[in-house]
1. Considering only residues that are more than 15 Å from LEU266 (Cα to Cα) and either in contact (Cβ under 8 Å) with a residue 24 or more places away in the chain or in a strand (DSSP E or B) (or both), which ones fall in region 225-247?
2. Condition (residue is farther than 29 Å from ASP6 by Cα, surrounded by fewer than 16 Cβ atoms within 10 Å (Cβ to Cβ) and more than 22 Å from the chain's Cα centre (by Cα)) applied to region 75-84: is it met by at least one residue?
3. Within region 227-272, take every residue that is exposed (fewer than 12 other Cβ atoms within 10 Å of the Cβ), polar (S, T, N, Q) and at pLDDT 90 or above and give me the one that is nearest to the chain's Cα centre (by Cα).
4. If a residue has to be under 21 Å from ARG73 (Cα atoms), surrounded by fewer than 21 Cβ atoms within 10 Å (Cβ to Cβ) and touching a residue at least 24 places away in the same chain (Cβ under 8 Å) to count, how many in region 174-196 make the cut?
5. Identify, from the list ARG29, ARG73, the residue that is basic (Lys, Arg) and in contact with a Phe, Trp or Tyr (Cβ under 9 Å, 6 or more places away or on another chain).
6. Please determine, by comparing only the residues of region 1-22 that are among the acidic types (Asp, Glu) and part of a strand (DSSP E or B), which one is farthest from ARG71 (Cα to Cα).
7. Here are some residues: ARG117, ARG123, ARG104. Which one is crowded, with 17+ Cβ neighbours inside 10 Å, without any contact (Cβ under 8 Å) to a residue 40 or more places away in the chain and more than 19 Å from the chain's Cα centre (by Cα)?
8. If I ask for residues that are surrounded by fewer than 18 Cβ atoms within 10 Å (Cβ to Cβ) and either outside the structural domain of VAL59 (by TED's automatic domain parsing) or in contact with a helix residue (DSSP H, G or I) (Cβ under 8 Å, 6 or more places away or on another chain) (or both), which ones from region 197-208 would you list?
Amino acid sequence: MSLNVDGVSRSFDGRQVLKDVSFKVAGGRLTGFVGANGAGKTTTMRIILGVLAPDSGTVTWQDAPLTRDGRQRFGYMPEERGLYPKMSVTDQVVYLGQLHGMSRPAALKRTAELLERLGLGERGGDKLEKLSLGNQQRAQVAAAMVHDPDVLVLDEPFSGLDPLAVETVLEVLRERAAAGAPVLFSSHQLDLVERLCDDLVIIADGTIRAAGDRASLRASHSLPRYRLLVGSDAGWIRDQPGVTLLELDGPEAIFELSAAADDQELLRSALARGPVHAFGPVVPSLTEIFREVIR
């Protein structure tokens, strides 16, 4: 099962904000959707949910065009808090479950389960405005998931959450993914996305700049750099042929190798001088990949 965005474009008042956007959100996986403010993340999500219509392109679910009934089985969490501040947490999550077609008893049961899992079991009777911002965020996650959606689309779901709350929410999202649901979430916290997601989609200026699983993205955007960690000072490496030293900190060196240089020969030279604790290419972080592809 997968959610597919194919060739989607959209303009507002003559300004194109999405340009031929295409990517896949695979079932059973968490897909991080990252980009700077104004890159097109929220517009894309609203088109997926049917809140906005694309000028061109399609959004399909299980290889079929999305219908209103199909979107009824989606769960959506907007970036802006959209729950009623004067209404109790339980009442409004139950109400939203009923809007998705659940019976009231089923919605009550599922709401109680979710609030307990999200650490809000004792706060269900409280009005939303009485909760901290982090707990309001947890309540929004419950509202998006109460009907056990087939697809989850969440705009900045981890905003305002402390590390323990992030782990709590993540566990619930992973359970939904384990049931086969595609989970798409946006975030500005690149280090968090890198740790949490299975797949990445990077958007800039309304176009997709990179998409894929973490391992393939890192491999395709690997920096031409190596790291060497030895048992003594690594300063000798600056005199090796084909080496351009970038950083040196005692036994650790970061360097580039020319195309003609032999990395195995360099490793043999290091071993001849003593123990080698680490040697290999530098694996780029998501932040480094992001900076590279949005230039």
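1. Here is the first cut: in region 225-247, the ones more than 15 Å from LEU266 (Cα to Cα) are 231-233, 246-247.
GLY231, SER232, LEU246, GLU247 - these are the residues of region 225-247 that are more than 15 Å from LEU266 (Cα to Cα) and either in contact (Cβ under 8 Å) with a residue 24 or more places away in the chain or in a strand (DSSP E or B) (or both).
2. yes
3. Going through the qualifying residues, I end up with GLN264.
4. Number satisfying all stated conditions: 5.
5. Numbers: ARG29 fails: in contact with a Phe, Trp or Tyr (Cβ under 9 Å, 6 or more places away or on another chain).
That would be ARG73, the only listed residue that is basic (Lys, Arg) and in contact with a Phe, Trp or Tyr (Cβ under 9 Å, 6 or more places away or on another chain).
6. Start the filter on region 1-22 by keeping residues that are among the acidic types (Asp, Glu), which leaves 6, 13, 20.
From what's left, part of a strand (DSSP E or B): 6, 20.
On the way: ASP6: 17, ASP20: 22 Å.
Among those residues, the one meeting the criterion is ASP20.
7. On the way: ARG117 fails: without any contact (Cβ under 8 Å) to a residue 40 or more places away in the chain; ARG104 fails: crowded, with 17+ Cβ neighbours inside 10 Å.
Within the list ARG117, ARG123, ARG104, the selection yields ARG123.
8. ASP198
The values are calculated or read from the model by the stated rules, or taken from the named source; none is laboratory data. Given the structure is predicted, the values throughout are model-derived calculations rather than measurements. Glycine gets a Cβ as well: all are built from the backbone with ideal geometry, and neighbour counts include every protein chain shown.
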